[in-house]
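The values are calculated or read from the model by the stated rules, or taken from the named source; none is laboratory data. Everything quoted here is computed from the prediction, not taken from an experiment. We place every Cβ from the backbone using ideal geometry, glycine too, and count neighbours over all the protein chains shown.
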Amino acid sequence: MKPNYAGSRLTGEKPPSCVLDFCLCTVGHRRGQTWVKLALMCSEPLPSFTQLPLNQILLGDCVQVLNSLPEKSVDLIFADPPYNLQLRQPLWRPNMTRVDAVDEVWDQFDSFQAYDEFSSNWLTACRRVLKDSGTIWVIGTYHNIFRIGKLMQDLGFWILNDVIWIKTNPMPNFRGVRFTNAHETLIWASKFKGAKYTFNHHAMKNLNEGLQMRSDWVLPICTGRERLRIDGQKAHSTQKPEALLYRVILSSSKPGDVVLDPFLGSGTTAVVAKKLHRHWVGIESDPYYVQVAQQRIAQVVPEPFDGQAFAVEGAKRLAPRVEFSRLLEAGLVRPGQRLFFMGDRSKAAQVKADGRLRLESGVEGSIHTLGKHLANGSPCNGWQHWYYQDSEGRMQPIDVLREQYRRLHKPCVQEEGEAEYW
Ligand SMILES: C[S@@+](CC[C@H](N)C(=O)[O-])C[C@H]1O[C@@H](n2cnc3c(N)ncnc32)[C@H](O)[C@@H]1O
């Protein structure tokens, strides 16, 4: 093997595609003046793979690399493509410090037409490697996401959702000439209409404290310790937060699945995939970022795989918490009604209007504390220890009423198909 490429990030010169075995780099990165002293050790130009090269970064143009990968081999694609921001001049804050904006060569296209052609090419190449049961996520801003959405539909992808990532800490509009641009849009699509795909509905519900997860995700941008820096400068201008990828990967893949990112950048997708025990394949055209990502990914040591912990499909949802007083308000329990400890008629308590129980002795408390009192201080789950008499005279634990309440008061997010949009 011989070094066969020294890339220049200033000219935008593209390296030949290759499998990156290792690299010896001295890198520096300064705003407006990026310098890379690089000795990349590459194998010969990319071969055609009969099997996916798992858990590797492939250096090169994503279309070329994708076309070398086996057809229908990938379960999930996350793509964070160039935005085509068209930033031609530096952006300054009111205090005359320069904004760290995306002004790199990789984000520059001569025209919308050139951008569309580029987008259509990589989307087509992604679709080829995607399994029929696979899905793709594409993230973008108003600069590109509408064009990409149209192209995706034209290519046969079937849009499942558009998710809005609402940034809790967006960059202000420094010139004050527009609204603060505080969100990005993710398009989630299956390969074609009617395709079967993975969606870990219950897992996402559990992640969202028992409520169906909505399509607006409120998450901070990548800052603080998570943000990669080299010599105090951001290592990558558009590093995405791991929390965003966590939702993407957890919702739409299973452990052992293959997650591919055609624009790997600083490696966020691979890092989260590795933590969640998914295989990953990353493609990146800039050797500098390949090195940044490689070092970052190498530092991730996931907990050993345990099916109980990592497999979430079919997971039972956490039932939403219900307070006893909700049953009173809903009329499932009446003030003054008698409940019986462990179904024993000699241990009766009356339901007070405020949701507490009262023993004949005058001792009062919640279903749990009064139960503990009667159980001589042993822990007591009041839902299972207090009984009521149903309309047919049978003793039933009040947990039965709690389940009835849950059925009657499902969260107000509706299932698809019954949703009212307007
Ligand atoms: C928006 S950034 C992705 C950032 C990434 N999601 C992260 O969290 O760091 C897009 C990346 O795609 C790379 N890129 C641009 N054109 C490419 C191409 N044709 N093939 C492969 N990578 C490309 C750029 O070098 C850049 O690192």
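Residue-by-condition table, conditions (1) at pLDDT below 70; (2) among the acidic types (Asp, Glu); (3) near the ligand (Cβ under 9 Å from one of its atoms):
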{"residue": "PRO47", "(1), (2), (3)": "no, no, no"}
{"residue": "GLY60", "(1), (2), (3)": "no, no, yes"}
{"residue": "SER68", "(1), (2), (3)": "no, no, no"}
{"residue": "VAL74", "(1), (2), (3)": "no, no, no"}
{"residue": "ILE77", "(1), (2), (3)": "no, no, no"}
{"residue": "LEU91", "(1), (2), (3)": "yes, no, no"}
{"residue": "ASN95", "(1), (2), (3)": "no, no, no"}
{"residue": "ALA101", "(1), (2), (3)": "yes, no, no"}
{"residue": "PHE109", "(1), (2), (3)": "no, no, no"}
Problem - Of residues in the range 243-284 being within 9 Å of the ligand (Cβ to nearest atom) and under 13 Å from LEU76 (Cα atoms), the one surrounded by the fewest Cβ atoms within 10 Å (Cβ to Cβ) - result: LEU245
Handout entry: Condition met for GLY210 (in contact (Cβ under 8 Å) with a residue 60 or more places away in the chain, on the phi > 0 side of the Ramachandran plot and either more than 12 Å from the ligand (Cβ to nearest atom) or not in a loop (DSSP other than H, G, I, E, B) (or both))
Key = yes
Practice task
Kindly indicate whether LYS240 is more than 16 Å from ASP162 (Cα to Cα), within 14 Å of the ligand (Cβ to nearest atom) and surrounded by 15 or more Cβ atoms within 10 Å (Cβ to Cβ).
Solution key: yes
Practice task
State whether the residues of the range 148-155 include one that is within 16 Å of the ligand (Cβ to nearest atom) and closer than 20 Å to ALA270 by Cβ.
Solution key: no
Problem - 1 or more residues in contact (Cβ under 8 Å) with a residue 60 or more places away in the chain, touching a helix residue (DSSP H, G or I) at 6+ places or on another chain (Cβ under 6 Å) and farther than 30 Å from GLY232 by Cβ: qualifying strands (runs of 3 or more DSSP E) within the range 97-195 - result: 130-140
Exercise for the section: Among the candidates ASN208, ASN181, single out the residue that is buried (at least 16 other Cβ atoms within 10 Å of the Cβ) and more than 23 Å from ILE77 (Cβ to Cβ). Expected result: ASN208
Handout entry: Residue identified as within 13 Å of the ligand (Cβ to nearest atom), closer than 28 Å to ASP154 by Cα and either outside the structural domain of PHE146 (by TED's automatic domain parsing) or at pLDDT 95 or above (or both) among ASN84, ASN121
Key = ASN121
